[in-house]
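Accompanying notes for the structure given below.
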Amino acid sequence: MTTLSQRLLMATCLLSPAAVAAQRCAAPAASYHVRWLGADRFGVEARFAVPTSRLALRFSEAIGRPEAQAASIDALEGWSGDAGAAVAYRGEGTWSSVTPLTRVRYEVVADHDAVEWTGGGIDEVASHFGDTYFFVGNAFFLHDADWPSCPIEIAFDLPEDWSILSPWPGGPRSFHASDVAHLEKNAFAMGRFTAGATDAGTMTLQWVLDERLASIAPVLVPMMTRLPPVFADYFGATPAERYAVVVFKGPRMDGGAFRESFTLTLADPVRAIDALVWTHGLAHEMLHLWLGNHVRGANPAEASWFTEGFTDYLAITLGYRAGLFEAPMLAQRLANVIRRVRLAPRLSPGVGLVEAGREKSDHWERIYGGGAMVALLIDAADHDGFVAALRDLVAHADAPVTQAGLLATLDAHTDGLGTRAFALVDAGGDFGAIIAWLGRAGVEVTGFSPDEVYVRFAGACEADACLPSFVRR
Ligand SMILES: [Zn+2]
């Protein structure tokens, strides 16, 4: 079983510079036409402006289905110009042809929920609930990941009373992904449902909720809708036009994170306390639209302390600001950040923040805890400077940022706090220094042994007005 946090770890947090590349493209790299055939089947006709001899779907493990997602592809035919071209299945979700293909036609059988997916849960593949079909793009669209970074068109020919939940801009029946990665690393849904929607600045959040979970809508929907306006206000700009969320009932709680979409499976009975976990996942992934997708590291792995750590930190502070939890939980979660920093040297001895990013799962506490700690230290000491630095990075994200450039921007707005906070955590995060630093900002920290940490806000008052100003709503 894969836990939500492991899944979020695996979800890639990088983006190609699609917006820039799209301007260089004379035509879409490919266009897909999707048709409902009835009886759990969809017909797909795809035309490739950039001919390809190799097509693929994602390949993840499932019990009793050795060919995984490829087993749901039927009646595949290919053409090269006007001539038919044989397409051979090569195993592990790949197909090839001797002559480059300009067109293919195939059917997708929506039977993915008949097996148990062990290489990532069902939330990362496809399922259907009621009259709604949910797919991840890479379980549906045969594609060539090496296509140039040019837009992909997707048109739907569906019954009139069907809706489409799309992570891609466009509509009502045709959409465009900015490149092949945005086509395949996104979730979408088709069927008879009424999508919920909320506007936040320039971004629309849309969701579809499994009717079997309708009883929790009064809790779930406000939690989802509170986040985007807080993020848009905080960063002063929104890099994505829309964000799609699919929530359905599954065997266990799990979450799948994609480029502009998020899937959530909830098991019956839904426990109130689990909302902390899934709203954190949703907040973390949505924040990657700004940090990780938009602001990118020149060396993405080595910038993980920033793209993952700052993202985790903001998921906490902005989650509190959005009203997802109250002050005692905020204190508990900040204590968890410090606890991770204290445990990191024991789990990843001698590994610095930059180096740790090369092996994220081995150095989890270093990356997520250490990066969040750097953010907490800067924010606590100079909140306005911290926000100004993040806004500066978001406003100038046209080129990837280097480690030196990142620290220079943080320093420029905070009188050098970026480098000082980074150095403190990079050197192992001396507990006494952290206690002193946060104490000056009204965050009282204590602890014993290497793994006990407690946080209390100065004055021991938990009303929002009593909190240190940098975390106040
Ligand atoms: Zn992440």
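The values are calculated or read from the model by the stated rules, or taken from the named source; none is laboratory data. The structure displayed is predicted, hence computed values, not measured ones. Note that we place each Cβ from the backbone using ideal geometry, even for glycine, and neighbour counts take in every protein chain shown. Calculation scope for accessible area: heavy atoms of the full protein, side chains included, ligands and nucleic acids excluded. Shrake-Rupley method; radii C 1.70, N 1.55, O 1.52, S 1.80 Å.
Compute the long axis of helix 327-347 from its Cα atoms, compare it with the longest principal axis of the Cα atoms of the chain, and write down the angle in degrees, 0 to 90, nearest 10. Roughly 90 degrees, rounded to the nearest 10. The angle between the Cα long axis of helix 403-414 and the main principal axis of the chain comes to about 50°, on a 0 to 90 degree scale. Please give the Cα centre distance for region 51-79 versus region 408-430, rounded to the nearest Å. Result: 48 Å between the Cα centres. Distance from the alpha carbon centroid of region 245-272 to that of region 197-219 works out to 13 angstrom. Element breakdown for the chain at a 1.4 angstrom probe: carbon and sulfur atoms account for 52% of the accessible area.
Restricting attention to the chain, close to 75% of DSSP beta bridges with both partner residues there are antiparallel. As a length-normalised measure over Cα pairs under 8 Å and 6 or more apart, the relative contact order of region 111-214 settles at 27 percent.
Using the Cα gyration tensor of region 304-471, with a ≥ b ≥ c the square roots of its eigenvalues, what is the shape: rounded (a/c below 1.5), prolate (a/b larger than b/c) or oblate (neither)? Because a/c hits 1.5 or more and a/b fails to exceed b/c, region 304-471 counts as oblate. Please say if region 190-316 is rounded, prolate or oblate, where rounded means a/c under 1.5 for a ≥ b ≥ c the square roots of the C-alpha gyration tensor eigenvalues, and otherwise the choice is prolate for a/b larger than b/c and oblate otherwise? Judged from the Cα gyration tensor, region 190-316 comes out prolate (a/c at least 1.5, a/b above b/c). Charged neighbours of ALA267, selected by a Cβ distance under 13 Å, balance to -1 (K, R count +1; D, E count -1). Within the chain, the proportion of C-alpha pairs whose separation exceeds 27 Å stands at 56%.
For ASP411, neighbours were defined as the other residues whose beta-carbon sits under 12 Å from its Cβ, and their charges (Lys and Arg +1, Asp and Glu -1) total -2.
For the chain, the longest principal axis of the alpha carbon atoms and the long axis of helix 417-426 meet at an angle near 80°.
Farthest toward the positive end of the dipole of region 284-428, out of VAL374, LEU347, TRP290, is the Cα of LEU347, where the dipole comes from beta carbon charges about the Cα centre. As a rough guide to protection, the peptides 54-61, 343-350 ranked by mean Cβ packing within 10 Å, highest first, stand as 54-61, 343-350. The residues packed around ARG296, meaning those with a beta-carbon under 14 Å from its beta-carbon, carry a net charge of -2 if Lys and Arg are +1 and Asp and Glu are -1. The dipole here belongs to the chain: it is taken about the Cα centre, uses +1 on the Cβ of Lys and Arg and -1 on the Cβ of Asp and Glu, and is about 380 debye. For the chain, the solvent-accessible area with a 1.4 angstrom probe is 39 square angstrom per residue.
Can you give the charge dipole size of region 211-271 about its Cα centre, rounded to the nearest 20 debye, using +1 on the beta carbon of Lys and Arg and -1 on the beta carbon of Asp and Glu? In total the dipole reaches around 180 debye.
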